[in-house]
Amino acid sequence: MNAWGTAQLALLAAALFGAASAAVVALGYPRLRVRLARLPSHRRAAWLVALAVLPFVAAAVLTALCFAPKLVAGLVPTGDHCLSHGGVAHPHFCPEHLALHSGSPAAWILLAALAAWTTGRFVPVLVRTVRAWRAGRRLARGASFDPARAAWILPGDLPVAAAIGLWRPRTMISRGLLRAVPPELTEAILEHERAHARRRDTLRVLTTTILSLAHLPRTRRLLLDDLSLAVEQACDEESGARLGDRLRVARALLAAARLLQRPEPGVVV
C-alpha cells in the first residue's frame, strides 16, 4: 500500500473514531449532566473540558495506536510483528501487509465532504477569535498599571472588567467601572478577574471551543454553555475564598453585571 492509501486509511479511521466518540457523548451526556451538576465547579469544569475534547483526542490517539505496532517494529526490529498475513484479520494497520490500493475514489469524496464540513465550522470560530484578539488589543490600548490595585486601568467611561490575554492574562478594569461601583466592591470584582487570569480561562475556553468541533452541534452547545457557567462559578468561589466574604463577591458581580456591556466573544469577564 502506498502513502496515499495509508493516508486515506488513517483519515477514515480518525473520522470513525471521532464520530463514535461524539455519538457516545451525545447519548450519555443528558444523564451525566445531572451528575456533573453535583460536583464542585472547578472539578465540573475539568470534566466538561475532557468531554468536549474527547472526540478529537480519541481520533488522534486511537488512530496512532492502530499504527503503533508497525512503527515500533520499525524502530526495534524483532521479526514479523503481524499476527496474520495476506491482509486477512489484521488487528492493526500495516502498510506492508494490508491489501489496499492507492485509495478508493468514493472514500476520497467522503473525506473531502468531511473536510469541507469541518472547515465550515472552524472558520466562524477563527473569525470570532481574531475579532476577540483585536478587541482585547483595543481595550488594552492606553492602559496603565496600578500597583495599589495590582491591575491595569483602562481609560474611558465604558464599564469594563476583564482578564485579557492567553498565556499571560492581565487583569483590567476601566475608570468608568471604578467610578460606577462602590469602592468596597471593586476589590471583589478585581479578585474575580484575577481568578480568571490565574486559571487561564480565556485559553482554556478558546482551546476547548476549537477542539470540540467534532461534536454534534447541540451537544457541543450544551458542553460549552455548561463550561462557561462552571468557569464563572469556579472564579466566584475562588475569589470568595481569598477575600473571605462570598457575599461581597456576589454583590460586586451583581453590580458589575448591571453595568457591563456584553463583551466581545473570547474575552472572559
Handout entry: Environment charge of ARG35, counting only residues whose C-beta is closer than 13 Å and scoring Lys/Arg +1, Asp/Glu -1
Key = +4
Handout entry: Computed FRET value (nearest 0.05) for HIS42 with ARG131, which takes r as the C-beta separation and R₀ as 25 Å
Key = 0.30
Problem - Exposure ranking of ASP201, ASP225, ASP146 by accessible area [1.4 Å probe, largest first] - result: ASP225, ASP146, ASP201
Completion exercise
Probe 1.4 Å, heavy atoms of protein chains only: per residue, the accessible area of the stretch 117-269 in Å² is 55
Exercise for the section: Provide Rg over Rh for the stretch 143-206; use the alpha carbon set for both Rg and the Kirkwood Rh (inverse mean inverse pair distance). Expected result: 0.97
Handout entry: Peptides 121-128, 247-254 ordered by average Cβ neighbours within 10 Å, highest first
Key = 247-254, 121-128
Fill in the blank from the handout: The ratio Rg/Rh over the Cα atoms of the stretch 133-269, Rh being the Kirkwood inverse mean 1/r radius, stands at 0.98
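Can you run the Rg to Rh ratio on the stretch 14-61? Use alpha carbon positions and the Kirkwood inverse-distance Rh. Mind showing how you got there, number by number?
Details: Rg = 11.6 Å, Rh = 11.2 Å.
Result: Rg/Rh = 1.04.
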Exercise for the section: Name the long-range amide H neighbours of GLY165: under 5 Å, sequence gap of 5 or more, or other chain; modelled H, no Pro or chain starts. Expected result: ARG170
Fill in the blank from the handout: Counting only residues 5 or more apart in sequence or on a different chain, those whose built amide H sits under 5 Å from that of LEU158 are GLY176
Exercise for the section: Tally up the carbon and sulfur contribution to the accessible surface of the stretch 142-269 as a whole percent, 1.4 Å probe, everything protein left in place. Expected result: 56
Exercise for the section: Per residue of the stretch 42-59, in order, report the coupling 6.51 cos²θ - 1.76 cosθ + 1.60 (Karplus, θ = phi - 60°) as ³J(HN,Hα) in whole Hz, putting x for Gly and Pro. Expected result: 5, 6, 4, 4, 5, 5, 5, 4, 4, 5, 5, 8, 3, x, 5, 5, 4, 4
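The values are calculated or read from the model by the stated rules, or taken from the named source; none is laboratory data. Bear in mind the structure is a predicted one, so any value in this text is a computation, not a measurement. Glycine gets a Cβ as well: all are built from the backbone with ideal geometry, and neighbour counts include every protein chain shown. Protein only, heavy atoms only, side chains kept; ligands, DNA and RNA dropped before computing areas. Shrake-Rupley method; radii C 1.70, N 1.55, O 1.52, S 1.80 Å.
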